[in-house]
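The values are calculated or read from the model by the stated rules, or taken from the named source; none is laboratory data. None of these values were measured; they are calculated from a predicted model. Cβ coordinates were reconstructed from backbone atoms using ideal geometry, including for glycine residues, and neighbour counts include every protein chain displayed. Note: accessible area is taken over every heavy atom of the protein model, side chains too, but ligands, DNA and RNA are not part of it. Shrake-Rupley method; radii C 1.70, N 1.55, O 1.52, S 1.80 Å.
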Amino acid sequence: QVQLLESGGGSVQAGGSLRLSCAASGFTYSRQCMGWFRQPPGKERGVVAVINTRNSRTYYADSVKGRFTISQDNAKNTVYLQMNSLKPEDTAVYYCAADSYACYSDSWSSVGAYNYWGQGIQVTVSS
């Protein structure tokens, strides 16, 4: 029923930019917490950025603050992650996630707080 479909990944040189998209369906998008998480090779999955689709409040991991921007298009039920000034350490599989309550608590950054996940998309940054 719930589907999260990521697109926009690929390979880029350090200092470049990419924009990821997550198209959501099967639930009420207007009252969701939509997040981007990433899992570098050999490491655990961790938060990148989260947006509250009701009020557009945003939350960022310290490692991407000032470089990445999360945004949404309510008409398209789509959340975006604009990634600028990319670094090799940004290389990872990026996942779109959704939950009804995660961003209303201090668990906004926790993988376990999100019920729905996309399939993941590869982002590779070369030096």
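Taking Thr91, is it within 20 Å of Val2 (Cα to Cα), more than 12 Å from the chain's Cα centre (by Cα) and among the β-branched types (Val, Ile, Thr)?
On the way: within 20 Å of Val2 (Cα to Cα): no; more than 12 Å from the chain's Cα centre (by Cα): yes; among the β-branched types (Val, Ile, Thr): yes.
Against the criterion (within 20 Å of Val2 (Cα to Cα), more than 12 Å from the chain's Cα centre (by Cα) and among the β-branched types (Val, Ile, Thr)), Thr91 does not qualify.
For region 55-78, how many residues are open to solvent by less than 60 Å² (accessible area, probe 1.4 Å) and either in contact with a Leu (Cβ under 9 Å, 6 or more places away or on another chain) or part of a loop (DSSP other than H, G, I, E, B) (or both)?
Here is the first cut: in region 55-78, the residues open to solvent by less than 60 Å² (accessible area, probe 1.4 Å) are 58-61, 64, 67-68, 70-73, 77-78.
So of that shortlist, the ones also either in contact with a Leu (Cβ under 9 Å, 6 or more places away or on another chain) or part of a loop (DSSP other than H, G, I, E, B) (or both) come out as 61, 64, 67-68, 70-71, 77.
Adding up the residues that qualify gives 7.
Considering each residue of region 9-41, count those that are outside any strand (DSSP E or B), open to solvent by less than 50 Å² (accessible area, probe 1.4 Å) and either within 14 Å of Val93 (Cβ to Cβ) or among the basic types (Lys, Arg) (or both), and give that number.
Adding up the residues that qualify gives 2.
Could you please find all residues in region 102-116 being buried (at least 18 other Cβ atoms within 10 Å of the Cβ) and of a type in the set (A, V, I, L, M)? Break it down into steps so the answer makes sense when it comes.
Initial filter on region 102-116 (buried (at least 18 other Cβ atoms within 10 Å of the Cβ)): 102-103, 108-109, 113-114, 116.
Selection gives Ala102, Ala113.
Just checking, does region 20-43 include any residue being within 22 Å of Gln122 (Cβ to Cβ), in contact (Cβ under 8 Å) with a residue 60 or more places away in the chain and more than 11 Å from the chain's Cα centre (by Cα)?
yes
Can you name every residue in region 47-59 that is closer than 22 Å to Glu89 by Cα and within 10 Å of the chain's Cα centre (by Cα)? Working first, answer last.
Our first condition is that a residue be closer than 22 Å to Glu89 by Cα; within region 47-59, this holds for 47-50, 59.
Scanning region 47-59 gives Val47, Val48, Ala49, Val50.
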